[in-house]
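Report on the structure given below.
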Amino acid sequence: MPTEQGVLAAFIEAFVTLFIVIDPILVAPLFAALTHGDSQKERRKTAIQATLIALGVLVFFAVLGPVMLKHLGIELASFRAAGGLLLFLIGFRMFFNPDEEINAKRPGPQASARDNVAFFPLALPMLAGPGAIATVMLLMQDGAREYGDRAIFAQAEVLAALALVLAIGIPVMMSSGAIARALGRTGMNMISRLLGMLLMALATQYVFDGIRVGILERVGSG
């Protein structure tokens with residue numbers, strides 16, 4: 001059975017990784033723009049709805065994603081390397097051009113007029129974008145590989161970390177106006193660059209592990 005230290009370390013790793021990828025701080029100024037003019041009650045409702053929708057989407061892919069890959073004939077090592085490349089591109093954009101990353105998640109000019117911005121674009125693609133989907137699937141695969149027949153412990157940690165990150169996103173979005181004003185454009189860019197650098201390092205490790213595992217599997221079966 002996993003030790004308490006191992007459980008805590010795995011939870012922290014999953015939490016930090018998901019926090020970097022989902023990045024509720026980056027979502028904050030966009031949430032403020034989309035809900036400008038709404039009452040406090042309406043903004044709270046929108047934030048909670050967006051969080052619950054994103055949680056549902058990410059849990060769906062976390063649980064059923066590996067099965068989908070298997071039916072498509074995609075090896076886990078290949079998905080890990082591809083996911084690493086995707087995360088590297090996101091981190092690269094966050095580091096070298098944080099404004100571009102913000103614009104990449106910014107909705108079209110008519111988004112503020114839509115009836116439910118909680119689903120699009122807040123839940124998708126801001127909170128549950130391709131990077132978050134790939135990351136949560138990779139973390140679930142890591143748990144299964146590391147703990148074997150006790151993978152349920154590690155995977156439960158991933159889901160708990162995911163829920164915590166999204167839960168933190170609610171007060172962050174609710175205080176989005178104050179955060180954006182306090183940090184300013186320079187502060188937001190600085191945070192984006194720091195998170196981007198960490199994400200590129202993590203993504204590189206994913207790519208290396210995917211290639212290494214893929215080669216070892218082929219050598220072992222050859």
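Quick note: the coordinates plus some simple rules give every number you see, no bench work behind them. Because the structure is a prediction, the values reported are computed rather than measured. Methodologically, a virtual Cβ is constructed for each residue, glycine included, from the backbone with ideal geometry; neighbour enumeration extends over all protein chains shown.
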| request: Go through Leu55, Leu198, Gln40 and say which Cα lies farthest out towards the positive end of the charge dipole of the range 4-216; charges sit on Cβ, +1 for Lys and Arg, -1 for Asp and Glu. | output: Gln40
| said: Can you compute the FRET efficiency between Phe60 and Glu13 using 1/(1 + (r/R0)^6), with r the Cβ-Cβ distance and R0 = 25 Å? Round to the nearest 0.05. | reply: 0.65
| task | Report the label-to-label distance for Arg181 and Ala156 in nanometres (one decimal), using points 7 Å from each Cα along the Cα→Cβ vector. | result | 4.4 nm
